[in-house]
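Notes to accompany the following structure.
The values are calculated or read from the model by the stated rules, or taken from the named source; none is laboratory data. Here the structure is a predicted model, which means the values were calculated and not measured. Here the Cβ positions follow ideal geometry from the backbone for every residue, glycine too, while neighbour counts run over all protein chains shown. Note: accessible area is taken over every heavy atom of the protein model, side chains too, but ligands, DNA and RNA are not part of it. Shrake-Rupley method; radii C 1.70, N 1.55, O 1.52, S 1.80 Å.
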There are 2 protein chains.
Amino acid sequence: MASYTLGLDYGTNSVRAIVVRVTDGFEAGTAVWNYAHGDKGVVLSEDPNLARQHPADYLEGAERTVQAALAEATANDTAFRPEQIIGIGVDTTGSTPLPIDADGTPLAFHKDFENNLDALAWLWKDHTSIAEAEEITALAAQEHPEYLAKCGGVYSSEWFFSKILHCLRAAPEVFDAAYTWIECADWIPAVLTGNTRPGAYKVSVCAAGHKAMFNADWGGYPARDFLAKLDPKLGTLRDRLHDKAYAVDSAAGALTTEWAGKLGLPEGIPVAVGAFDAHLGAVGSGIGEGCLSKVLGTSGCDMMVAPGDRDLPDIPGLCGIVKGSILPGMYGLEAGQSAVGDIYNWFVDYIQPGGPEAGSHEALTEAASAVAPGASGLLALDWNNGNRTILIDQRLTGLILGQTLYTTPGEIYRALIESTAFGALTIINRFEEYGVTVERIVNCGGIAEKNPLVMQIYADVTGREMAVSRSGQTCALGAAIAGAVVAGESTGGYADFSSAQQAMTGLKDHVYKPNPEAHAVYRELYTLYRSLHDAFGLPEWQGNLYSIMKRLLDIRQAARKEVAR
Amino acid sequence: MASYTLGLDYGTNSVRAIVVRVTDGFEAGTAVWNYAHGDKGVVLSEDPNLARQHPADYLEGAERTVQAALAEATANDTAFRPEQIIGIGVDTTGSTPLPIDADGTPLAFHKDFENNLDALAWLWKDHTSIAEAEEITALAAQEHPEYLAKCGGVYSSEWFFSKILHCLRAAPEVFDAAYTWIECADWIPAVLTGNTRPGAYKVSVCAAGHKAMFNADWGGYPARDFLAKLDPKLGTLRDRLHDKAYAVDSAAGALTTEWAGKLGLPEGIPVAVGAFDAHLGAVGSGIGEGCLSKVLGTSGCDMMVAPGDRDLPDIPGLCGIVKGSILPGMYGLEAGQSAVGDIYNWFVDYIQPGGPEAGSHEALTEAASAVAPGASGLLALDWNNGNRTILIDQRLTGLILGQTLYTTPGEIYRALIESTAFGALTIINRFEEYGVTVERIVNCGGIAEKNPLVMQIYADVTGREMAVSRSGQTCALGAAIAGAVVAGESTGGYADFSSAQQAMTGLKDHVYKPNPEAHAVYRELYTLYRSLHDAFGLPEWQGNLYSIMKRLLDIRQAARKEVAR
């Protein structure tokens, strides 16, 4: 009798559940539910930086999708019955912290706070905390540079302490009413296992390590003194944070009778410690030493692992280096591009060259396919949403050069694709400059699935083969793999991730191979890209172009304020 | 009884005739005829650089338009009769040389050459002679730097000797059959006055000075030795070129009986020496000391004059400094932008954002009007067709930076307009850096007539008032003014250009005044523009970005050849 596991994947707009057969990774059933609150699941306000989620959606989403996925699996796979589910894994967005009371109940569920946006979960892309991020970065640079060294040198406004510090200042009534704050990735497993009470739930090393400067080397979260200097109340909060964090091979607990009933699953099965979507996505795409796992969607995530028993240098420009954040016992390395598909979407949705039909992704892809490498004379920087790796600078903007009076939309579309490929190559080079060799690349995400032209250009630009993950939902699959590992061999699961991945992940048959002539052209174009990249991206670079994009953003902000006045 | 003059304006696609009352510049009649040969008057071939015109169109065009303009004037103005026309002026494109035989008949009219494209007039925008232009520039830099000093340091592929040298090499049968070559601006007056025979016609100092390195200081055209070094046959041609050149206050001769009959005009009236359209356009817009005359169309021309009795330094980056080329006795200074309206046209015609309606000039102008200065965060370089002044470099390309994921077509359209305004300011600054003060600016051409947003942005960027010429056809009006001056006071004309211009030119009532707040923003944006301009435009600038656009053009050329193979 085959065993199955369940993966729960909490995204920005929806949650997905899948039922996976542990012997071969067959995805027997899947279901998606769009969150009920806000605009496509994101609660917005007049402040364009604000982005929140309602934790009630997380609970309703679990019930709806698990039941539906089980129903589909039962229909699809005659051998399947829900009792064969042996474990559960969970991945979420992050950093998405929420304030909870001493029982682990979200403040958002309290009558007093039901209409308070600051009591909701602060979604990863909430940017209300820019000032606090700068403050934290400045203090850490002065007093604890080691905190920053593991997260690329800059503490982000998207992260745990920036958000909590902002809440403390902007909504002290919420901060004061909260007993502590918990990452969404920790809260879901805590709910399913009845361990929501502070002290009882397990903290994910993926979330804490990448977003909250947690590191066993300095005793977990940042020192009490450090946080108290930002605000004394933050020092008090530090006392309520946990001292230990866990990788996804640990169980957060066992599924409660109550939740087993709600979901239609056997009670007592283990639920793995949570992790972020990109990290479990890397697991689901088969990551291991030497493998670069690329998630290509609206933005791009680049994940690698490195042996945990050897010294790894700090790699400047990476978003994070955290032991155990992807695979237990190995360093997890996270890099990324702030926009990939979003740049193509901008051209299609905002510029719409030639109108809706002529300017569709399909039509532009066809036109771009007819343009030979180098034949457009165009070169672009992929910075329309800033640059995550290797510059870690949100205050950067896009650039296109080489236009003539005859430049076509297809040529521009291709140049935009090429720019993201150049950005991808810059990340690969950065890994390798610091001794983390990229031996193979596995892509997943919407673009990898749907756009062969993009994948071929990535192969031609990087000069490397581009494989594509067999599964179209690698994050949920990675969560299901974690469920199989915490279930263990005794119930039909696996002793470790390596054997689980070998059985449950795979590649599509088609591999995109670099064309040598195209690669030769792109090698030369890439040197030009790097000249532009360094000129506009590095403050120390000669010529003072670095300040141009910054000044334009300042002028823009002033001009918009002037208009608003 | 009022006197009238006739202006004949030969453009790229059509010829225009106007009948003007000399007392007040009233335009009594006008007519336009589109050339019959080629594509909109331009004969093309498979070589995208080739652009020719058939001289038969010039003759047919004179007959058709003069007759029609006279008919319209007779209908419009009851006081008018053709016998009241006292003089004729002519302007043409240039450099547009054509090969002629010893009688001054174009080779194109010979049976043997009737199907030979190289026997036609080589239109100003013919770019087949790039290699020869580089060769001439290199030799002059070495042996006669003074030749280049008056034309901005680079001899262009669009100019007289580049074209003739290319013909000598690419079509020796045409070169050998020609007795000599004549500019279109010289040939039309020669035909009307029966003086087409070499030795008999008068050479325009405007054409010869700006395009053929003619300068009285070194005895006219370049030295025989110099030309013979390029090719011995070019030395032989030098012997057949004239030693003297004339300004537009000289008569090329008197209208022949034959042409008087064809045109319906009194025989014997004087025909002024020809000049280029932009130069007589400056005259028609009222140019004088301290006045910058801007022609804003697909490209931009910036003309000034300076006293001829004072020393004027060489001004680097100007296309030409020629005494008498605009107003007799004064230095004529020519600068320009390789593309103005053509950049806006590119965005509308090639990119067509949102489709034909949403992406029309009208719709984009409306959207761009709603964007405050600086509010887009965008900055562009106006180099989609290279840069004429101050860089004199055709191998430059466009650049736009500052794009986010939300940048709109209206913002880009405005940034493109702003980029051309920044280019215009760069030209003004260059004039003033060398002591030629710009006290007032008069605009003419299609954009000045039709697009108030562009004119307002020009005012705001430059911090100067933008006046617009009263006449919508300043080139033809300038030619008619030349006709009034060569006719002289005795027949009801004028003794000099100053009095003719005072009577015959004027401004529209509305003057665009700079908005101080907008100007303050643009002052800052302009310093950023100059940083980009210098970084990508100056080889000596630190940082080596100068090579990027050049390398992209090389790679593009190689890639297109590869595809063609």
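For the reader, a short list of remarks on this structure follows.
- Residue match in region B:355-370 (condition: charged (D, E, K, R) and either under 18 Å from the mean Cα position of the chain (by Cα) or crowded, with 24+ Cβ neighbours inside 10 Å (or both)): no
- Among residues that are on the phi > 0 side of the Ramachandran plot and more than 14 Å from chain B (Cβ to nearest Cβ), A:Gly354 is not included.
- Set side by side, the residues B:Ala119, B:Ala73, B:Ala56 differ, and just one is assigned by TED's automatic domain parsing to the domain that holds B:Thr30, among the hydrophobic types (A, V, I, L, M, F, W, C) and open to solvent by 10 Å² or more (accessible area, probe 1.4 Å), which is B:Ala56.
- Failed criterion for B:Asp225 (all others in (1) open to solvent by 10 Å² or more (accessible area, probe 1.4 Å); (2) part of a helix (DSSP H, G or I); (3) touching a residue at least 24 places away in the same chain (Cβ under 8 Å); (4) touching a Gly at 6+ places or on another chain (Cβ under 9 Å) hold): (3)
Listed here are the residues, each with its yes/no results for (1) of a type in the set (A, V, I, L, M, F, W, C); (2) in contact with a His (Cβ under 9 Å, 6 or more places away or on another chain); (3) open to solvent by 10 Å² or more (accessible area, probe 1.4 Å).
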residue: A:Arg169; (1), (2), (3): no, no, yes
residue: A:Glu173; (1), (2), (3): no, no, yes
residue: A:Val203; (1), (2), (3): yes, yes, no
residue: A:Ala216; (1), (2), (3): yes, no, yes
residue: A:Gly220; (1), (2), (3): no, yes, no
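- Within region B:287-304, being outside any strand (DSSP E or B) and either modelled with pLDDT under 95 or open to solvent by 10 Å² or more (accessible area, probe 1.4 Å) (or both) holds for B:Gly288, B:Glu289, B:Gly297, B:Thr298, B:Ser299.
- Looking across region A:506-565, the residues that are touching a residue at least 60 places away in the same chain (Cβ under 8 Å), under 30 Å from B:Ala559 (Cα atoms), open to solvent by less than 20 Å² (accessible area, probe 1.4 Å) and at the interface with chain B (Cβ under 9 Å from one of its Cβ atoms) come down to A:Leu525, A:Leu528, A:Leu532, A:Phe536.
- Cβ-Cβ contacts under 6 Å between residues 6 or more apart (or on different chains), taken from a first residue in region B:58-72 that is farther than 19 Å from B:Pro97 by Cα and touching a residue at least 12 places away in the same chain (Cβ under 8 Å) to a second residue that is open to solvent by 60 Å² or more (accessible area, probe 1.4 Å) and assigned to a helix (DSSP H, G or I), are listed as B:Glu63/B:Lys262.
- Here the condition is being under 12 Å from B:Leu6 (Cα atoms) and in contact (Cβ under 8 Å) with a residue 40 or more places away in the chain; of B:Gly89, B:Gly94, it holds for B:Gly89 alone.
- Looking across region B:41-53 at every residue that is hydrophobic (A, V, I, L, M, F, W, C) and assigned to a loop (DSSP other than H, G, I, E, B), the one that is most open to solvent (accessible area, probe 1.4 Å) is identified as B:Leu44.
- Qualifying residue in region B:251-262 (condition: of a type outside the set (Asp, Glu), within 16 Å of the chain's Cα centre (by Cα) and under 23 Å from B:Gly209 (Cα atoms)): no
- Scanning region A:445-472 for residues that are surrounded by fewer than 24 Cβ atoms within 10 Å (Cβ to Cβ) and in a loop (DSSP other than H, G, I, E, B) yields a count of 6.
- Within region A:394-411, the set of residues being open to solvent by 10 Å² or more (accessible area, probe 1.4 Å) and either hydrophobic (A, V, I, L, M, F, W, C) or in contact with a helix residue (DSSP H, G or I) (Cβ under 7 Å, 6 or more places away or on another chain) (or both) comprises A:Arg395, A:Ile400, A:Leu405, A:Tyr406, A:Thr408, A:Pro409.
- Lone unmet requirement of (1) out of contact with any His (no Cβ under 7 Å at 6 or more places or on another chain); (2) on the phi > 0 side of the Ramachandran plot; (3) modelled with pLDDT of 95 or more for B:Gly445: (3)
- Tally of residues being within 11 Å of chain B (Cβ to nearest Cβ) and open to solvent by 10 Å² or more (accessible area, probe 1.4 Å) across region A:333-343: 2
- If you go through region A:235-279 and keep only what is in a strand (DSSP E or B) and either open to solvent by less than 40 Å² (accessible area, probe 1.4 Å) or farther than 23 Å from A:Gly324 by Cα (or both), you end up with A:Ala251, A:Ala252, A:Gly253, A:Pro270, A:Val271, A:Ala272, A:Ala275, A:Phe276.
- Some residue of region A:338-350 being closer than 21 Å to A:Gly286 by Cβ and modelled with pLDDT of 95 or more: yes
- Search result, residues across region B:360-409 that are away from chain A (no Cβ under 11 Å), hydroxyl-bearing (Ser, Thr, Tyr), out of contact with any strand residue (DSSP E or B) (no Cβ under 8 Å at 6 or more places or on another chain) and part of a loop (DSSP other than H, G, I, E, B): B:Ser360
- Per-region count, region A:412-444, residues outside any helix (DSSP H, G or I) and open to solvent by 20 Å² or more (accessible area, probe 1.4 Å): 5
- Filtered by the rule that a residue be assigned to a loop (DSSP other than H, G, I, E, B), closer than 21 Å to A:Gly274 by Cβ and open to solvent by 30 Å² or more (accessible area, probe 1.4 Å), region A:13-36 gives a lone residue, A:Asn13.
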